[in-house]
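Please treat every number below as a calculation from the coordinates, not as lab data. Please read these numbers as outputs of a predicted model, since none were measured by experiment. With ideal geometry, Cβ positions are generated from the backbone for all residues, glycine too; neighbour counts draw on all protein chains shown.
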Amino acid sequence: MKISLIVPCYNESEVLGEFFRRVNLLAEKLASYEFEFLFVNDGSTDSTAEILNSFADKDLRVKVLHFARNQGHQISLTAGMDFASGDYIVTIDADLQDPPEVIPEMIEKMSEGYQVIHAQRRTRAGETGFKLFTAWLFYQVMCRFLARDIVPDSGDFRAFTRQVMKVIRGFREKHRFLRGTFAVVGFKQCIVKYDRDSRFAGETKYPVKKMIKLAADAVLSFSSSPIRAITWLSLLLWSSSLIYLVKALIEKFILHETVQGWTSIIFLLTFFTGLNLFCLGIIGSYIGRIFEQGQKRPLYWLSNVRNVKRNEIDPEISDFEEVKIADCIFSEGPEK
Ligand code: UDP
Ligand code: MG
């Protein structure tokens, strides 16, 4: 049996040495399994590429996919899944916040017959109050209203079987939120709890802008509730404007005291124009996504690979656009 570790890396030069040491220890511990370390270099601008290549040159279990530009964490994980050859697959961050020592427990669950094992954070060391609060709020909203199946307090540290990976590979949406995708595919799933460490070194690669993008992808890709909420909102407004109409009629015909009403008109005008624009914005977000998906651009493209040979790619995925792009790198030759 083979275990593939998929490791997305964006400017992680400071942590990679220690990460590789820790996963090597893990491989020694789980000696009955064959290992594959699949690093995805997500367009790093530091020395991440050189470090990963040096690992690959020394160790054939190390495979590296180099993206031509930064595509984000979720796309990096996707690329890893397109190329992973293991029977069991584990996605794990490079910064050692997800301790590799939890993996044996996850593998044990898979040998018990579970197909997707989510690692759920029991505690979270070294995170800012802001991050903890926004994460809490995000999971409250998601779990209650939008994607009820997602596992709260779990990131992208999870293990799954090859069968599940093949199903996930078929989900090709551009704006992805893999936590949601894994929640909807079904199969026998379970949770393993762990204490999340603080980052080994370096800084978070998820600034507020990327966090907002991920949250928007989660909401807009997994739910059409916002667009349907517009209808409910309009019903609410209609009923309140009806009350206002009754009041205005009484004032005009019974009390005969029509007030000038400039303030209220201005207030209502600005309020409802704002609301109209907000609703248009929600519709626009969905249309933008339809447009981007309609362009059928590849999800990612590679500039180079290490220890990945053409004939190792699963023929079932060779239909995907991005693998065709990968093909040209293989023929150009940096096959090591
Ligand atoms: N990452 C990536 N591309 C990005 C941002 C992050 O591949 O554009 C990787 C990063 O190298 C790390 C993982 O995704 O291995 C999680 O990122 P990070 O630890 O910075 O996020 P946080 O734990 O702070 O939420
Ligand atoms: Mg991290």
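Details
- Once the Cα-Cα distance is subtracted from the 0.36 nm per residue extended length, the residue 30 to residue 239 segment shows a gain of 68.8 nm.
- Likely footprinting exposure, 102, 90, fewest C-beta neighbours within 10 Å first: 102, 90
- Converting phi to 3J(HN,Hα) with the Karplus coefficients 6.51, -1.76 and 1.60 and the offset θ = phi - 60°, segment 256-268 yields 6, 9, 5, 7, 4, x, 5, 4, 5, 5, 4, 4, 5 Hz in sequence order, with x at every glycine or proline.
- GNM on the chain, alpha-carbon springs under 10 angstrom: the most fluctuating residue among 263, 181, 273 is 263.
- Ranked 6, 282, criterion: other C-beta atoms within 10 Å, fewest first: 282, 6
- For segment 1-72, relative contact order (Cα pairs under 8 Å, six or more residues apart, normalised by length) works out to 39 percent.
- In terms of other Cβ atoms within 10 Å, 225, 111 run from fewest to most in the order 111, 225.
- Our summary gives the chain a relative contact order of 21 percent, counting only alpha carbon pairs under 8 angstrom and 6 or more residues apart.
- Among the listed pairs 58/188; 210/296; 174/210; 58/166; 63/213, those beyond 27 Å (Cα-Cα): 58/188; 58/166; 63/213
- Looking at segment 50-121, the trypsin sites (Lys or Arg not before Pro) that sit in a DSSP loop and have at most 11 other Cβ atoms within 10 Å of their own Cβ are 69.
- Note on segment 1-136: Cα Rg divided by 2.2 N^0.38 Å, N the number of residues, gives 1.06.
- Spatial separation of Cα centroids for segment 230-288 and segment 1-20, in angstrom: 55 Å
- Once the Cα-Cα distance is subtracted from the 0.36 nm per residue extended length, the residue 275 to residue 59 segment shows a gain of 71.9 nm.
- Protection proxy ranking of 244-252, 191-199, by the mean of other Cβ atoms within 10 Å over each peptide's residues and highest first, is 191-199, 244-252.
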